[in-house]
1. With the condition kept exactly as written, say whether any residue in region A:48-61 is in a helix (DSSP H, G or I), among the acidic types (Asp, Glu) and in contact with a Pro (Cβ under 9 Å, 6 or more places away or on another chain).
2. What do you reckon, is residue B:66 among the hydrophobic types (A, V, I, L, M, F, W, C), modelled with pLDDT of 95 or more, crowded, with 18+ Cβ neighbours inside 10 Å and closer than 25 Å to residue A:13 by Cα?
3. Among the listed residues B:116, B:84, B:78, identify the single one that is in contact (Cβ under 8 Å) with a residue 40 or more places away in the chain and aliphatic (A, V, I, L, M).
4. Could you go through region A:20-30 and let me know if any residue there is in contact with a helix residue (DSSP H, G or I) (Cβ under 6 Å, 6 or more places away or on another chain), modelled with pLDDT of 80 or more and in a loop (DSSP other than H, G, I, E, B).
5. Is one or more of the residues making up region A:88-111 surrounded by fewer than 18 Cβ atoms within 10 Å (Cβ to Cβ), within 18 Å of the chain's Cα centre (by Cα) and at pLDDT 75 or above?
6. Do we have any residue at all in region B:38-56 that's in contact (Cβ under 8 Å) with a residue 40 or more places away in the chain, of a type in the set (Lys, Arg), surrounded by fewer than 20 Cβ atoms within 10 Å (Cβ to Cβ) and in a loop (DSSP other than H, G, I, E, B)?
Amino acid sequence: MIKFSDDEHDAITELFNISVGNAADSLSKMVEERVLLSVPHLVLIEREQAPNYIQKHSSDRISAIQQSFRGTLDGTAVWFFQEEQSLELVRILLQEDVPLDSLTDFEQDSMVEVGNIILNAILASFTEMLDMDVRSSLPKFLSGNCHQLLDKLFSTQENSEAGEIKADDPVMILFVDFMTGENAIKGYVVLLLDGIGLANFRRGVKKLLEP
Amino acid sequence: MPFSLLIADDSKMSRNKIKKIVSSFIPDIDVSEAGEGKKTLDICRSKNIDLMLLDLNMPEVDGYQVLRTLKAENISVATIVVTANYQRGSIAEVEEIGGVIAFLRKPPTPEMIEQALKDNNFIS
């Protein structure tokens, strides 16, 4: 099992902080409004404990944009938010009021695009600072029962093709809210890396901490 | 008297990096560090600071509040903002408060800091 030291925890938080700032900048350009951020809060938790932990901080139904990546780091990045907040996202983007059950393909597509921009901005900043290179797959929109979605996402079996995954490997969860005008999208970004990815990631973080 | 530098950032890693970069340009330096806004204000009130490098996104008392409080208390500290929150709106808010001599995007490179120090005559 990999455990991060306090200095590594600090460095990872700062990596996320910078990355999320860049993501907010990209989102701000997209919605042509200032995007305020809460101070990001990072939680490092064992993979098998992550679903329960997230569930405690979520509503029964959640939406997510999921994006896998391959390269120096192999893994998956997911941006979670409460299902009803996907409507806020559509309102911010399209400046339209839309009931949840009538989300059209176009609106879902818009959400995927926002997720794509946010996750890619985070991944790009992350890998640039760690001097690594990854290529992202197409993002997916997920919505439904929190428990089922999380179980599927965190299952070591489902994700075993991505490389060796241990139940006690750490998962990075960053709680951060994006706010524009009167709207706030409360959510969190989860970074799941496989065994090799985690080892490479740690090497990169250690390099950043070198005096 | 050594050059008095204050680095206000909630990340120890970022403080260390900034300290290393600035020290490479200004060798005779006295560095104070703060991981949050309240301590930043305490240091500014108690010491003569030649230059502060300030992060905006800090817990509880953030960088904007630090700048506003310093302004309200008539404490003048040359400040370089170093932030990941590099949006036009953030820059505009900081400019409106005033007292900031440069605005740098995180992570700052040695070149970015060197330029800001040169532009403001801290080094030649």
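1. no
2. Criteria met by residue B:66.
3. Values: B:116 fails: in contact (Cβ under 8 Å) with a residue 40 or more places away in the chain; B:84 fails: in contact (Cβ under 8 Å) with a residue 40 or more places away in the chain.
The unique qualifying residue is B:78.
4. No, region A:20-30 contains no residue that is in contact with a helix residue (DSSP H, G or I) (Cβ under 6 Å, 6 or more places away or on another chain), modelled with pLDDT of 80 or more and in a loop (DSSP other than H, G, I, E, B).
5. Looking for residues that are surrounded by fewer than 18 Cβ atoms within 10 Å (Cβ to Cβ), within 18 Å of the chain's Cα centre (by Cα) and at pLDDT 75 or above, one finds none in region A:88-111, hence no.
6. yes
Listed here are the residues, each with its yes/no results for (1) within 14 Å of chain A (Cβ to nearest Cβ); (2) among the polar types (S, T, N, Q).
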site	(1), (2)
B:2	no, no
B:7	yes, no
B:22	no, no
B:32	no, yes
B:35	yes, no
B:46	no, yes
B:54	no, no
B:67	no, no
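The values are calculated or read from the model by the stated rules, or taken from the named source; none is laboratory data. Only a predicted model underlies this, so the values are computations on that prediction, with no experimental measurement involved. So basically every Cβ, Gly included, is an ideal-geometry build from the backbone, and we count neighbours across all protein chains shown.
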